[in-house]
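The values are calculated or read from the model by the stated rules, or taken from the named source; none is laboratory data. From a predicted model like this one, the values you see are computed outputs, not experimental measurements. So basically every Cβ, Gly included, is an ideal-geometry build from the backbone, and we count neighbours across all protein chains shown. The area values use the complete protein model at the heavy-atom level, side chains included, leaving out ligands, DNA and RNA. Shrake-Rupley method; radii C 1.70, N 1.55, O 1.52, S 1.80 Å.
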Amino acid sequence: MTDIQQQALNYQCAEDTFKGRIILVTGAGAGIGRSAALALAAHGATVILLGRTQEKLEAVYENQSRGWPGARAGAGESNGRSPGRFSGTGRAF
């Protein structure tokens, strides 16, 4: 492994790296999208959750908001067939 590869593996960004940023995460209910949403929020971002299953989005939001008392409401649901049309309101934390 090269030195640059080792540095990349050990990289840790500052807790406020994304402070003041608003980031929309698609597929936020599970997998990589869920992990990305939680990591971005942990580093200061306001994250808008978007996915196909309201219940999964709510679970991610509830999980995250316990650690952030100032978290803001809800989750947006999209069926993937109607770009720009959401059945719920966007939720951010």
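Listing for the model above:
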{"read-out": "Number of the exception - Phe93 against (1) of a type outside the set (Ser, Thr, Tyr); (2) surrounded by 16 or more Cβ atoms within 10 Å (Cβ to Cβ); (3) modelled with pLDDT of 85 or more", "value": "(3)"}
{"read-out": "Every residue from segment 37-47 that is under 8 Å from the mean Cα position of the chain (by Cα), surrounded by 17 or more Cβ atoms within 10 Å (Cβ to Cβ) and not in a strand (DSSP E or B)", "value": "Ala37, Leu38, Leu40, Ala41"}
{"read-out": "Answer residue from segment 54-66, given it is at pLDDT below 85 and touching a helix residue (DSSP H, G or I) at 6+ places or on another chain (Cβ under 8 Å) and is most open to solvent (accessible area, probe 1.4 Å) among those", "value": "Asn63"}
{"read-out": "Matching residues in segment 23-32 - criterion: being in contact (Cβ under 8 Å) with a residue 12 or more places away in the chain and either among the hydrophobic types (A, V, I, L, M, F, W, C) or open to solvent by 100 Å² or more (accessible area, probe 1.4 Å) (or both)", "value": "Ile23, Leu24, Val25, Ala28, Ala30"}
{"read-out": "Filter pass, Ala71 being at pLDDT 70 or above and either in contact with an Asp or Glu (Cβ under 6 Å, 6 or more places away or on another chain) or assigned to a loop (DSSP other than H, G, I, E, B) (or both)", "value": "no"}
{"read-out": "So Gly20, is it part of a loop (DSSP other than H, G, I, E, B), within 19 Å of Ser65 (Cα to Cα), open to solvent by less than 70 Å² (accessible area, probe 1.4 Å) and of a type in the set (Gly, Ala, Ser)", "value": "no"}
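Residue by residue, here is whether (1) in a helix (DSSP H, G or I); (2) under 18 Å from Ser65 (Cα atoms); (3) touching a residue at least 60 places away in the same chain (Cβ under 8 Å) holds:
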position: Met1; (1), (2), (3): no, no, no
position: Ile4; (1), (2), (3): yes, no, no
position: Leu9; (1), (2), (3): yes, no, no
position: Arg34; (1), (2), (3): yes, yes, no
position: Leu49; (1), (2), (3): no, yes, no
